[in-house]
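The values are calculated or read from the model by the stated rules, or taken from the named source; none is laboratory data. From a predicted model like this one, the values you see are computed outputs, not experimental measurements. Here the Cβ positions follow ideal geometry from the backbone for every residue, glycine too, while neighbour counts run over all protein chains shown. Ligands, DNA and RNA are excluded from the accessible area calculation, which covers all protein heavy atoms including side chains. Shrake-Rupley method; radii C 1.70, N 1.55, O 1.52, S 1.80 Å.
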Amino acid sequence: MQLRFPIAPEPEHEISEQGRKLFAGPVDFVKGVVAMSGLPPADRLEVCFAGRSNVGKSSLINALTGRKALARASNTPGRTQEINFFALGESHYLVDLPGYGYANAPLAVVQKWQALLKQYLSGRQTLRRAFVLVDARHGIKTVDEEIMSLLDASAVTFQCVLTKTDKINAADRDRVLHQVRAKLAPHPAAYPELILTSSEKSEGLATLRATIATLE
């Protein structure tokens, strides 16, 4: 029986080079958006990164682009409430969504963020894929399932990316992978491959870069 949600294989050299060149080129911060009216023109392919606060999203974006401070991690979970757009050359936008799952943010802030997120996901025609980041030490939590259900409803394909895989042993990794696969199974928008990453060890970065570079 074929395994559901297998780990994405390492890309072939030619495809890996395509990803490397995309992220080795110019990467520029475009703007932070707090309302749909502020979105940049939808003139290029777009991918977005979503994840719980402290999942390692900023570290992963910085590692992918080779820039130490391109994406800034806030010391206070939930403080950053903007949708941040980065241009990868002239061909792609990499979009950093605000971290979610924070307990201390005011309700009004959370509601405003949720409304903006729903509008963005359902109304951005150039958005090709969302990457939902999940801490490999903890697996998928309820707040992750909520964002996944929102992506289902918005008909946006999403791919699960496990972060911090260097922080767990093989037995724990297998247990978390089993949990992640079971949680992803009911979601029609889930892309059927997992990407395992470690920002510190640079593991999985070539696979993720190649995945983004080959989207159409």
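Overview of values
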read-out	value
Subset tally (residues that are small (Gly, Ala, Ser) and assigned to a helix (DSSP H, G or I)) for the range 198-211	2
Tally of residues being outside any strand (DSSP E or B) and either surrounded by 13 or more Cβ atoms within 10 Å (Cβ to Cβ) or among the hydrophobic types (A, V, I, L, M, F, W, C) (or both) across the range 26-37	3
Residues of the range 1-22 that turn out to be at pLDDT below 95 and either hydrophobic (A, V, I, L, M, F, W, C) or more than 30 Å from LYS183 (Cα to Cα) (or both), as a count	2
The range 157-189, residues that are open to solvent by less than 10 Å² (accessible area, probe 1.4 Å) and under 20 Å from LEU215 (Cβ atoms)	PHE158, GLN159, CYS160, VAL161, LEU162, LEU184
Matching residues, the range 88-126, being in contact with a Leu (Cβ under 7 Å, 6 or more places away or on another chain) and in a strand (DSSP E or B)	LEU88, HIS92, LEU94
Qualifying residue in the range 3-17 (condition: surrounded by fewer than 17 Cβ atoms within 10 Å (Cβ to Cβ), at negative phi and within 17 Å of the chain's Cα centre (by Cα))	yes
Contacts under 8 angstrom Cβ, first residue in the range 28-46 being over 10 Å from ILE83 (Cβ atoms), partner of a type in the set (Lys, Arg) and at pLDDT 95 or above, 6 or more apart	LEU45/ARG128; GLU46/ARG128
Some residue of the range 103-114 being under 17 Å from GLY51 (Cα atoms), modelled with pLDDT under 90 and within 19 Å of the chain's Cα centre (by Cα)	yes
Qualifying residues in the range 49-86 (those that are of a type in the set (A, V, I, L, M), under 18 Å from THR197 (Cβ atoms) and open to solvent by 20 Å² or more (accessible area, probe 1.4 Å)) - the one modelled with the highest pLDDT	ALA63
The one condition in (1) assigned to a strand (DSSP E or B); (2) surrounded by fewer than 19 Cβ atoms within 10 Å (Cβ to Cβ); (3) touching a Gly at 6+ places or on another chain (Cβ under 6 Å) that ILE195 fails to fulfil	(2)
Residue tally, condition open to solvent by 30 Å² or more (accessible area, probe 1.4 Å) and at positive phi, over the range 198-216	1
Test: residue in the range 187-198 that is small (Gly, Ala, Ser) and out of contact with any strand residue (DSSP E or B) (no Cβ under 9 Å at 6 or more places or on another chain)	no
Candidates LYS112, LYS167, LYS183, LYS118, filtered to the one that is closer than 25 Å to ASP43 by Cα and free of Cβ contacts under 8 Å to residues at least 60 places away in the same chain	LYS118
